[in-house]
2 protein chains.
Amino acid sequence: MTAAIAPVAVPLAKAYRLLNHGPVTLVSSAHGDRSNVMAASWAMALDFDPAKVAVVVDKSTLTRQLIEASGEFALNIPSRRIAPETLKVGTLSGKDGDKWAAAGLESFPAERITAPLVAGCVGWLECRIIPEPHNQQRYDLFLAEVVAAWADPRVFSDGHWHFGDDMLRTIHYVAGGSFFITGPAFDVGTE
Amino acid sequence: MTAAIAPVAVPLAKAYRLLNHGPVTLVSSAHGDRSNVMAASWAMALDFDPAKVAVVVDKSTLTRQLIEASGEFALNIPSRRIAPETLKVGTLSGKDGDKWAAAGLESFPAERITAPLVAGCVGWLECRIIPEPHNQQRYDLFLAEVVAAWADPRVFSDGHWHFGDDMLRTIHYVAGGSFFITGPAFDVGTE
């Protein structure tokens, strides 16, 4: 495993908390001897238990070919530290050559799926597609069940994010190379 | 119009930028003489042009009844200032009485739909449901076309967020009354 720190398992019923605050994601995929990684802001939780997600993957992408062929993908949640790589995989195409090398990203094996996970991320959701051909064809929309989830214990444990170092914070994409860092946490009392 | 400041129209092709960074949303709805507002973190952009969104609305909610009856809803994007009200409408049910009053929220008329918009928000997307009964019934998932979009010009103009005052920043929900503020912006050069 080439991740800087060993990911810790997240119970599936808490997997939605990795996505709930709307960070940008990296979609990793593999089929046969090809694998790829792309950026996706249009990803969200869809259900708690069993944990499900929804993500939009355009027809023109290599990722689309790989996830339709394999029925699997992972949603990886990058930190501020790999924002440059995140932007690169959002602008290059895997059809033009190995995007992992071109973007400077490394992968490590997932547990339940064949798609690899992205090293340097702070959260990972291993997903198996729930086949819905109409959604896929008409809206580029993929629904999937989360079959395993992981987090970097420096920033997520016991079902909660606890960011310190700004470089390990999750990020939110706007457009044109502009991101926001996930900012300070605050609690609202439930009077 | 009871909004603190007059919303400015956002071109529909740029409406996704209101949602792209994954803020929590308030779903407002109306049918006949009833209207309601609920919180939803599971909302995302689905397409650029025509602009579309996806949102998860549970079967148990009054909002679900109102949007299925009317075919319309609005996604309102609250600021830090109304985080307490956002949490309240996420915990109360409209079935128990007028949630607007109970949560201390006010509304103002939308332009293209009958559902009202939530005053004090910083972005608004007026949406018409694209009927997909299978998604609605099986996944509580609603797809919709954005028919009008608005933003508070103090924090969003020319297709970009430009936050200053922390109280006008958008917010991201985690769980149990915990939120993150949208943090500092940064740009990654596209070398």
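What the table below lists for this structure:
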quantity: Failed item in (1) open to solvent by less than 10 Å² (accessible area, probe 1.4 Å); (2) within 8 Å of another protein chain (Cβ to nearest Cβ), with residue A:63 passing the rest; calculated: (2)
quantity: Test result for residue B:90, within 23 Å of residue A:19 (Cβ to Cβ), of a type in the set (Gly, Ala, Ser) and open to solvent by 30 Å² or more (accessible area, probe 1.4 Å); calculated: yes
quantity: Filter result for the condition that a residue is within 13 Å of chain B (Cβ to nearest Cβ), assigned to a strand (DSSP E or B), touching a strand residue (DSSP E or B) at 6+ places or on another chain (Cβ under 9 Å) and surrounded by 22 or more Cβ atoms within 10 Å (Cβ to Cβ), over A:54, A:15; calculated: A:54
quantity: Index of the failed condition, residue A:69 passing every other in (1) part of a helix (DSSP H, G or I); (2) aliphatic (A, V, I, L, M); (3) touching a helix residue (DSSP H, G or I) at 6+ places or on another chain (Cβ under 6 Å); (4) modelled with pLDDT of 95 or more; calculated: (3)
quantity: In the stretch B:1-12, the residues that are away from chain A (no Cβ under 14 Å) and assigned to a loop (DSSP other than H, G, I, E, B); calculated: B:1, B:2, B:3, B:4, B:5, B:6, B:7
quantity: Only one of A:83, A:74 that is part of a helix (DSSP H, G or I), among the small types (Gly, Ala, Ser), open to solvent by less than 10 Å² (accessible area, probe 1.4 Å) and modelled with pLDDT of 95 or more; calculated: A:83
quantity: The stretch B:31-51, residues that are open to solvent by 10 Å² or more (accessible area, probe 1.4 Å) and farther than 25 Å from residue A:140 by Cβ; calculated: B:31, B:32, B:33, B:34, B:35, B:38, B:39
quantity: Scope the stretch A:64-92; condition of a type outside the set (A, V, I, L, M, F, W, C), out of contact with any Ser or Thr (no Cβ under 7 Å at 6 or more places or on another chain) and on the phi < 0 side of the Ramachandran plot; matching residues; calculated: A:64, A:65, A:68, A:80, A:81, A:84, A:85, A:86, A:88, A:90
quantity: Test: residue in the stretch B:115-130 that is more than 13 Å from the chain's Cα centre (by Cα) and in a loop (DSSP other than H, G, I, E, B); calculated: no
quantity: Any chance residue A:82 is within 20 Å of residue A:182 (Cβ to Cβ) and within 12 Å of chain B (Cβ to nearest Cβ); calculated: yes
quantity: Test: residue A:124 is more than 10 Å from every other protein chain (Cβ to nearest Cβ) and hydrophobic (A, V, I, L, M, F, W, C); calculated: yes
quantity: Residues of the stretch B:49-86 classified as of a type in the set (Val, Ile, Thr) and within 22 Å of residue B:111 (Cα to Cα), total; calculated: 5
quantity: Test: residue A:27 is more than 10 Å from every other protein chain (Cβ to nearest Cβ), at pLDDT 95 or above and touching a Lys or Arg at 6+ places or on another chain (Cβ under 6 Å); calculated: no
quantity: Residue that is nearest to the other protein chains (Cβ to nearest Cβ), among those in the stretch A:30-45 that are assigned to a strand (DSSP E or B) and not aliphatic (A, V, I, L, M); calculated: A:36
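The values are calculated or read from the model by the stated rules, or taken from the named source; none is laboratory data. Keep in mind that this is a model prediction, so the values were computed, not measured. Positions of Cβ are backbone-derived with ideal geometry, glycine not excepted, and every protein chain shown enters the neighbour counts. What goes into the accessible areas is simple: the full protein's heavy atoms, side chains included, and nothing from ligands, DNA or RNA. Shrake-Rupley method; radii C 1.70, N 1.55, O 1.52, S 1.80 Å.
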